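The block underneath contains the structure these notes are about, expressed in structure tokens.
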Amino acid sequence: MEVIYQYAWLIPVLPLLGAMLVGLGLISMNQVTNAARKLNAAFIISLVGIAMGLSFALLWSQIQGHAPYIRTIEWAAAGNFHLNMGYTIDHLTALMLVIVTTVAFLVMVYTDGYMAHDPGYVRFYAYLSLFGSSMLGLVVSPNLVQIYIFWELVGMCSYLLVGFWYDRKSAADAAQKAFVTNRVGDFGLLLGILGLYWATGSFDFGVMGDRLAQLVESGSISNALAILFAILVFLGPVAKSAQFPLHVWLPDAMEGPTPISALIHAATMVAAGVFLIARMYPVFEDVPAAMNVIAYTGAFTAFLGATIAITQNDIKKGLAYSTISQLGYMVMAMGVGAYSAGLFHLMTHAYFKAMLFLGSGSVIHGMEGVVGHDPVLAQDMRLMGGLRKYMPFTAITFFIGCLAISGIPPFAGFWSKDEILGEAFQASPLLWFVGWLTAGITAFYMFRMYFSTFEGSFRGNDQKIKQKLKKAATIVLELETEAAATPVYGPGAMRHGELEAHDSHGHHSDSPHESPWTMTLPLVVLAIPSMLIGLVGTPYANYFEQFIFPPSETLAEVMEKTAEFNPTEFYIMAGNSVGIGLIGITLASLMYLSRKIDPNAIAQKIKPLYELSLNKWYFDDIYHRVFVLGLRRVARQVMEVDFRVVDGAVNLTGFFTLVSGEGLKYLENGRAQFYALIVFGAVLCLVIVFGVT
């Protein structure tokens, strides 16, 4: 097994190698590389598959009890400063490696069907491989500086992938929004890193935590300063994991192709924030005020995302706000000290949310045969309905995902979410109540999504709905004239024949269709962990907690704690969480399945709340007016100062030089008598001045 650890560096390097070779091919031999599209895809998928195999081997070795492994080299040195770079393999790293590689591998297989005839097919695979390498490099990093380097690489890949269809203004704007919003959090993270190094003299996670606690205890630095450093570091996860108030970028990031939504914005990149909190846990756990900030930020974000998701009609944006909400659960768990529960939910959520996003892509693929290229129509649930009979594999897997995220036993989400709620109740009944209420809202909006999409009658041929949606879209396009031209390929970028789907009479297809096996197979594979993986973390035998626990605890302490399991308490807490989930599902079925309750009538009765949810709590509007328009005004003022003051001073200096030069040239005439007259006049003036005084 030791040999595997010595070659563990290959896990991030293999996808990087694939991205480099394919990228160089695109630069030097573009036509040849694009012509061999399937070969390039197979090459990249194979490299990720090898990395996945190595990751599973490392995880199995760690489960068997192999000691954590670290390998570093000195990267930079100056005086007493020494910075090492390398990789570390411990329980948390091994788990994250498996999550990232398995989801990345399945997404890449799915991409072959989804992006089949997209002009940027090969470029997309190169970006995917580069992202996978960056995320894997982040996971194996042994210190905070190396994490920050890969943290920024992940952000760059997100920018490239969200804006993949850069000729669409909405996609280009979404990429910029994601990039700028993440830079705000990353600046705070950088300040926190520098502050912690100033205080502790180390970038090592454990050393920073121990020294910071000692410094605060001895009074060498104030508790307020320690809180400031911890919160600054937390700003990084706030942006990356889309927590309030930096959550606004994630829904817009759905402008990227759906495989990206599954890989980056559901399973891996957004989970990097939770992973960083776990890595920095030695620092956070000794700063109670920072832990409270983390817990309440997560709780509010969970509630915020859920309340917005209930009114979304775009299937991908609904899932995006769901992701924000579930990430809030994980962050809240970290804040209340439920280290294992937060990472357990990260794992379960990665699989069922990736499946849900890929399922939404399958739905879009099927719908485009009916509605054509228009991404607005293809993603709007008001034009769906009854898709279960046309897309059985997609419907079944999506239903499993809905049960899992709603916390219905024995699906994966139940065990992880229930553990978080149980730990939250011990820390604060208020946090538990927010999480419990959010669980009910989650079940409601997920089954609203399922019933609207897969049950009832198909509405894709209803011309009245189409015209209404097109009219609303036209108003938006008129406001964004640059986006008025329809792109030659839309979200899904299906084969030309599938997009047109003409019959013998030249009409579009009247019904959607199931996706090809390259898209349905990953859905079926992801459905397995969505159903079963939660069983490794049951309170009766919590193998997950015995494997993943805080650095400050020992296995003996964890075993002692798990031995104190109280079945009665578990049944009460689980009953409450399942009960609120079933209430949410029941309400959704009454509104969107049996139609016994009219949701439009309810919306009219609570119109202010409905508008608040539909307009995303107005955060986008507020940020646009305050930051976008406000900064534009500031920029204009700065430009005025630059033009009138700075340029004016420079121009005045030039003008003075010009005028003085013009005047002096008449004094420089080369005549000795004239120079003597000037000297005589100057002397005379001096005599007069000094004579008077």
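The values are calculated or read from the model by the stated rules, or taken from the named source; none is laboratory data. Everything numeric in this text was worked out from a predicted model, so none of it was measured. Every residue, glycine as well, gets a Cβ built from its backbone with ideal geometry; the counts of neighbours run over all protein chains shown. These accessible areas exclude ligands, DNA and RNA; they are computed on the full protein's heavy atoms, side chains included. Shrake-Rupley method; radii C 1.70, N 1.55, O 1.52, S 1.80 Å.
Tabulated values for the structure
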item	result
Selected residue [at pLDDT 90 or above, charged (D, E, K, R) and part of a helix (DSSP H, G or I)] from GLU611, GLU640	GLU611
Candidate set: the stretch 247-279, residues that are assigned to a loop (DSSP other than H, G, I, E, B) and surrounded by 24 or more Cβ atoms within 10 Å (Cβ to Cβ); chosen: the one nearest to the chain's Cα centre (by Cα)	VAL270
Residue ID - surrounded by the fewest Cβ atoms within 10 Å (Cβ to Cβ), chosen from residues in the stretch 51-75 that are within 20 Å of ASP204 (Cβ to Cβ) and hydrophobic (A, V, I, L, M, F, W, C)	ILE73
Options GLY386, GLY401: the member that is in contact with a helix residue (DSSP H, G or I) (Cβ under 9 Å, 6 or more places away or on another chain), small (Gly, Ala, Ser) and farther than 19 Å from PHE352 by Cβ	GLY386
Subset of the stretch 197-242 (residues that are open to solvent by less than 30 Å² (accessible area, probe 1.4 Å) and on the phi > 0 side of the Ramachandran plot)	ALA242
Residue within the stretch 134-144 that is modelled with pLDDT under 90, buried (at least 19 other Cβ atoms within 10 Å of the Cβ) and assigned to a loop (DSSP other than H, G, I, E, B) present	no
Residues satisfying the stated conditions in the stretch 313-330, i.e. in contact with a Pro (Cβ under 8 Å, 6 or more places away or on another chain) and either in a loop (DSSP other than H, G, I, E, B) or modelled with pLDDT of 95 or more (or both)	none
Any chance GLU368 is in contact with a strand residue (DSSP E or B) (Cβ under 9 Å, 6 or more places away or on another chain), among the charged types (D, E, K, R) and assigned to a helix (DSSP H, G or I)	no
Residue within the stretch 621-637 that is within 27 Å of the chain's Cα centre (by Cα), closer than 20 Å to GLY305 by Cβ and open to solvent by less than 80 Å² (accessible area, probe 1.4 Å) present	yes
Sole exception among (1) at pLDDT 90 or above; (2) in a strand (DSSP E or B); (3) not acidic (Asp, Glu) for ALA8, by number	(2)
Residue within the stretch 375-382 that is open to solvent by 10 Å² or more (accessible area, probe 1.4 Å) and small (Gly, Ala, Ser) present	no
Per-region count, the stretch 451-467, residues closer than 20 Å to VAL363 by Cβ and open to solvent by 10 Å² or more (accessible area, probe 1.4 Å)	11
Among (1) more than 30 Å from THR297 (Cβ to Cβ); (2) in contact with a Leu (Cβ under 7 Å, 6 or more places away or on another chain); (3) surrounded by fewer than 24 Cβ atoms within 10 Å (Cβ to Cβ) - the single one TRP432 does not satisfy	(1)
Subset of the stretch 71-84 that is touching an Asp or Glu at 6+ places or on another chain (Cβ under 8 Å) and of a type outside the set (S, T, N, Q) - its residue that is farthest from TYR148 (Cα to Cα)	HIS82
The stretch 156-181 - residue that is assigned to a helix (DSSP H, G or I) and open to solvent by less than 10 Å² (accessible area, probe 1.4 Å) and, of those, nearest to PHE124 (Cα to Cα)	LEU161
Close pairs from the stretch 586-604: first at pLDDT 90 or above, partner in a loop (DSSP other than H, G, I, E, B) and surrounded by fewer than 17 Cβ atoms within 10 Å (Cβ to Cβ), Cβ under 8 Å, at least 6 apart	LEU587/ILE597; LEU590/LYS596; LEU590/ILE597; MET591/ILE597; MET591/ASP598
Positions within the stretch 554-591 being closer than 16 Å to ASN542 by Cα, within 34 Å of the chain's Cα centre (by Cα) and open to solvent by less than 80 Å² (accessible area, probe 1.4 Å), in sequence order	THR554, VAL558, THR562, PHE570, ALA574
Among (1) assigned to a helix (DSSP H, G or I); (2) open to solvent by less than 70 Å² (accessible area, probe 1.4 Å); (3) of a type outside the set (Val, Ile, Thr) - the single one SER594 does not satisfy	(1)
Options VAL100, VAL122; residue that is crowded, with 23+ Cβ neighbours inside 10 Å and within 18 Å of the chain's Cα centre (by Cα)	VAL100
Residue in the stretch 24-46 that is hydroxyl-bearing (Ser, Thr, Tyr) and closer than 16 Å to GLN6 by Cβ present	no
Sole exception among (1) modelled with pLDDT under 85; (2) part of a helix (DSSP H, G or I); (3) open to solvent by less than 30 Å² (accessible area, probe 1.4 Å) for MET519, by number	(1)
Complete set of residues in the stretch 36-58 that are among the β-branched types (Val, Ile, Thr) and either closer than 15 Å to LEU128 by Cα or not in a helix (DSSP H, G or I) (or both)	ILE44, ILE45, VAL48
Any hit, the stretch 59-74, residues being in a strand (DSSP E or B) and either without any contact (Cβ under 8 Å) to a residue 40 or more places away in the chain or within 26 Å of the chain's Cα centre (by Cα) (or both)	yes
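Per-residue answers, yes or no, for (1) among the hydroxyl-bearing types (Ser, Thr, Tyr); (2) closer than 19 Å to ASP112 by Cβ; (3) open to solvent by 50 Å² or more (accessible area, probe 1.4 Å); (4) without any contact (Cβ under 8 Å) to a residue 12 or more places away in the chain:
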| site | (1), (2), (3), (4) |
| --- | --- |
| VAL3 | no, no, yes, yes |
| TYR7 | yes, no, yes, no |
| LEU21 | no, yes, yes, no |
| LEU24 | no, no, yes, yes |
| ILE27 | no, no, yes, yes |
| GLN31 | no, no, yes, yes |
| ALA35 | no, yes, yes, yes |
| LEU39 | no, yes, yes, yes |
| ILE45 | no, yes, no, no |
